[in-house]
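Enquirer: Encoded as structure tokens, here's the structure I'll be asking about.
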Amino acid sequence: MTSKWPFLSGLKPHFQEAWSKAGFEDPTAIQKETASLILEGKDVVASSPTGTGKTLAYVLPLLEKINEGNKNIQAVIIAPSRELVMQILQEIQTWAVGSSIQAASFIGGANVKRQLEKLKKRPQIIVGTPGRIFELIKQKKVKMHEVKSIVLDEGDQLITPEYMQTISGIIKSTLSERQLILFSATLQDHTIQTAQKLMKNPETIQVKTSENSGKVEHIYFVCEEREKIDILSKLDRVNSMKALVFLNDIGKLNVLTEKMKFKGHSVGELHSELKKEARAKAINRLQTGEHSLLLTTEVAARGLDIANLPFVIHFDLPENVSQYTHRSGRTGRLGSTSGTVISIVTQREERKLKQFCREIEVPVTQKYLFAGEIVDSRE
């Protein structure tokens, strides 16, 4: 048992046991900074790079606060994508072992009847996408009168014009003494200010650098736009290549998938127009090595946790630093040994990439390909 985190020694024995079984030693910076505040019932706005254990930073104190004898909903966690919802639910279920705490997920597009069956099992924690949760509240299927905590995960995606009315509706459906918690990998000033208006004397915690930042290398290749596919072909032949390849739109993704298959590469695709089963199959094929490259759009940048993913490739440079951070955060995640973020850029894009890396304070190095290997110079 670590003595460096007083919060841990105050938890119920089964949560302490789960911590030891997970093989964790010291908590991450975001966990140290926020867990006690959440346990105390304070409103919190928190940001920390991807892969730094943000989910556990709020899940563990929330589980500790649940009154196991009370079978009403006591905590609500909102996330912008079904992938992230399922990932959070899995984390809750893993850490709730040894307790009688029940949790359930509610996502848009899923069978409503089946979701109502879940409510009959009296979950004390619910996790879901904003639209579906609000719909169930309006139908009086989800009762919010005993909810003590609301969490907005990937808050920068939820505190937006698209979701704001729904989020406000969910918050207003609870009693005024509830706690509001917002977590994200990146937070703009306007997001923080909007979130703070919904809160009471919130604590704002911003952890700038990742504990894993030294383990993730950021590199790039420079070429003409039309040569990007050749670079990707060569990268696919690099030893132990397994990567998420990011593009900015579905049309371009479909064309690149066909071209790569024509060149004899085993590639998968993942985007918002795919059904849930097809998404799961695509991710599984990358994990098992059936595909070495999984071409994807922004849909996979958030909430998708592929264990020990060694590479992320930006085929298209993202539009902003927030997207770059979320996409890149799929590799070198908590507990992984290392990762490499590769950008394939034109000369014009090179300046933008360097600007992104300056903003997130990571070094980025130009590399070259020679005889199937990534090398430091042309020679």
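Enquirer: Given (1) surrounded by fewer than 22 Cβ atoms within 10 Å (Cβ to Cβ); (2) under 28 Å from residue 28 (Cβ atoms); (3) modelled with pLDDT of 90 or more, identify the lone condition not met by residue 136.
Expert: The number of the failed condition is (2).
Enquirer: Enumerate the strands (runs of 3 or more DSSP E) found wholly within the range 310-375, keeping only those where 3 or more residues are closer than 14 Å to residue 219 by Cα and out of contact with any Pro (no Cβ under 6 Å at 6 or more places or on another chain).
Expert: 311-314, 339-345, 364-366, 373-375
Enquirer: Could you pull out every one of the helices (runs of 4 or more DSSP H) wholly within the range 1-79 that has 3 or more residues that are hydrophobic (A, V, I, L, M, F, W, C) and closer than 19 Å to residue 205 by Cα?
Expert: Ranges flagged: 29-39, 54-65.
Enquirer: Then there's this: Can you name the condition, by its number, that residue 16 falls short on among (1) out of contact with any strand residue (DSSP E or B) (no Cβ under 7 Å at 6 or more places or on another chain); (2) closer than 25 Å to residue 120 by Cα?
Expert: It fails just one condition, (2).
Enquirer: Separate question: Among the candidates 337, 331, single out the residue that is modelled with pLDDT of 80 or more and in the same structural domain as residue 258 (by TED's automatic domain parsing).
Expert: 331
Enquirer: Just one of 115, 90 is over 30 Å from residue 322 (Cβ atoms) and either without any contact (Cβ under 8 Å) to a residue 40 or more places away in the chain or assigned to a strand (DSSP E or B) (or both); which is it?
Expert: Step by step, each of 115, 90 is checked, and only 115 is over 30 Å from residue 322 (Cβ atoms) and either without any contact (Cβ under 8 Å) to a residue 40 or more places away in the chain or assigned to a strand (DSSP E or B) (or both).
Table: residues versus (1) surrounded by fewer than 22 Cβ atoms within 10 Å (Cβ to Cβ); (2) more than 28 Å from residue 306 (Cβ to Cβ).
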| site | (1), (2) |
| --- | --- |
| 31 | no, no |
| 34 | no, no |
| 37 | yes, yes |
| 40 | yes, yes |
| 43 | no, yes |
| 48 | no, no |
| 52 | no, no |
| 60 | no, no |
| 64 | yes, yes |
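Enquirer: Answer yes or no as to whether residue 64 is free of Cβ contacts under 8 Å to residues at least 60 places away in the same chain and touching a Phe, Trp or Tyr at 6+ places or on another chain (Cβ under 7 Å).
Expert: Considered against the rule, which asks whether it is free of Cβ contacts under 8 Å to residues at least 60 places away in the same chain and touching a Phe, Trp or Tyr at 6+ places or on another chain (Cβ under 7 Å), residue 64 comes out as yes.
Enquirer: Among the residues of the range 154-173, which ones are touching a residue at least 40 places away in the same chain (Cβ under 8 Å) and in a loop (DSSP other than H, G, I, E, B)?
Expert: Result: 154, single match.
Enquirer: Which residue is modelled with the highest pLDDT, if the candidates are limited to the range 269-285 and must be under 20 Å from residue 242 (Cβ atoms) and part of a helix (DSSP H, G or I)?
Expert: Across the range 269-285, the extreme among qualifying residues is 285.
Enquirer: Counting only residues that are buried (at least 21 other Cβ atoms within 10 Å of the Cβ) and in contact with a strand residue (DSSP E or B) (Cβ under 7 Å, 6 or more places away or on another chain), which one in the range 75-88 is farthest from residue 184 (Cα to Cα)?
Expert: If we take residues in the range 75-88 being buried (at least 21 other Cβ atoms within 10 Å of the Cβ) and in contact with a strand residue (DSSP E or B) (Cβ under 7 Å, 6 or more places away or on another chain), then 75 is farthest from residue 184 (Cα to Cα).
Enquirer: To continue, here is another question. Output yes when any residue across the range 280-295 is basic (Lys, Arg) and under 16 Å from residue 316 (Cβ atoms), and no when none is.
Expert: No, there is no match, as no residue in the range 280-295 is basic (Lys, Arg) and under 16 Å from residue 316 (Cβ atoms).
Enquirer: Same structure again: Filter the range 229-277 down to the residues that are free of Cβ contacts under 8 Å to residues at least 12 places away in the same chain and within 24 Å of the chain's Cα centre (by Cα) and list them by number.
Expert: Of everything in the range 229-277, those that are free of Cβ contacts under 8 Å to residues at least 12 places away in the same chain and within 24 Å of the chain's Cα centre (by Cα) turn out to be 274, 275, 277.
Enquirer: I would also like to ask the following. Restricting attention to the range 213-234, which residues are among the hydrophobic types (A, V, I, L, M, F, W, C), outside any strand (DSSP E or B) and in contact with a Phe, Trp or Tyr (Cβ under 8 Å, 6 or more places away or on another chain)?
Expert: The answer is 231, 232.
Enquirer: Can you pull out the residues in the range 190-205 that are surrounded by fewer than 16 Cβ atoms within 10 Å (Cβ to Cβ) and either assigned to a loop (DSSP other than H, G, I, E, B) or of a type in the set (Val, Ile, Thr) (or both)?
Expert: Scanning the range 190-205 gives 200, 201, 204.
Enquirer: Which residue out of 142, 151 is within 19 Å of residue 181 (Cα to Cα) and crowded, with 19+ Cβ neighbours inside 10 Å?
Expert: 151
Enquirer: Name, by its number, the condition in (1) touching a His at 6+ places or on another chain (Cβ under 8 Å); (2) modelled with pLDDT of 85 or more that does not hold for residue 294.
Expert: (1)
Enquirer: Of these, 242, 261, which one is crowded, with 17+ Cβ neighbours inside 10 Å and outside the structural domain of residue 54 (by TED's automatic domain parsing)?
Expert: 242
The values are calculated or read from the model by the stated rules, or taken from the named source; none is laboratory data. All values reported here derive from a predicted model rather than from experimental measurement. Heads up, the Cβs are rebuilt from the backbone with ideal geometry, glycines too, and the neighbour counts pull from every protein chain shown.
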